[in-house]
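Beneath this line is the structure, given in structure tokens, with notes to follow.
The values are calculated or read from the model by the stated rules, or taken from the named source; none is laboratory data. Since we're looking at a predicted model, the values are computed, not measured. Neighbour counts run over all protein chains shown; Cβ positions are idealised from the backbone, glycine included.
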Amino acid sequence: MKNIILAIVFTFLSHALLAQQDTAKIEQYCQLIASPRLFSNKVTIAVDFGAVKSFWSDTRLRNYDGTLKKFNTIIDALNFMGREGWLFVDAYPVRNGNSEVYHYGFKKLFPRPAVIE
């Protein structure tokens, strides 16, 4: 009787050990592009997640309700990205005529998507 109970316990334990989850994470990157608004001291923020862009697509940041997210300064946008869990990687300016457009690189760890076999 003792051997049967022991065999049942080992069967359930071995089943629990096979049900482990893959906890691997993957790094994803994005680029925040801050350009000055015309006749204003505020900035327009666009985010590039690496998707295909078209002339008709709008890459500006939006709130969770879908309204356009407006920032007073670039630091306001950087703080927003930090609150969302993105880590700053690099920044560089690009001269566009008389103004400069600033590019900021970010990265974030995401759970690896499950592979369906």
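Residue pairs whose Cβ atoms lie under 6 Å apart, separated by 6 or more positions or on different chains, with the first residue in segment 70-97 and within 17 Å of LEU109 (Cα to Cα) and in a loop (DSSP other than H, G, I, E, B) and the second modelled with pLDDT of 90 or more and not basic (Lys, Arg), are TRP86/PHE106. Do we have any residue at all in segment 30-51 that's surrounded by 10 or more Cβ atoms within 10 Å (Cβ to Cβ), without any contact (Cβ under 8 Å) to a residue 60 or more places away in the chain and assigned to a helix (DSSP H, G or I)? Among the residues of segment 30-51, not one is surrounded by 10 or more Cβ atoms within 10 Å (Cβ to Cβ), without any contact (Cβ under 8 Å) to a residue 60 or more places away in the chain and assigned to a helix (DSSP H, G or I), which makes the answer no.
Close Cβ contacts (under 8 Å, 6 or more residues apart or on different chains) running from residues in segment 54-69 that are charged (D, E, K, R) to residues that are assigned to a loop (DSSP other than H, G, I, E, B) and surrounded by fewer than 10 Cβ atoms within 10 Å (Cβ to Cβ) comprise LYS69/ASN63. Of the numbered criteria (1) surrounded by 12 or more Cβ atoms within 10 Å (Cβ to Cβ); (2) β-branched (Val, Ile, Thr); (3) at pLDDT 75 or above, the one THR67 fails is (1).
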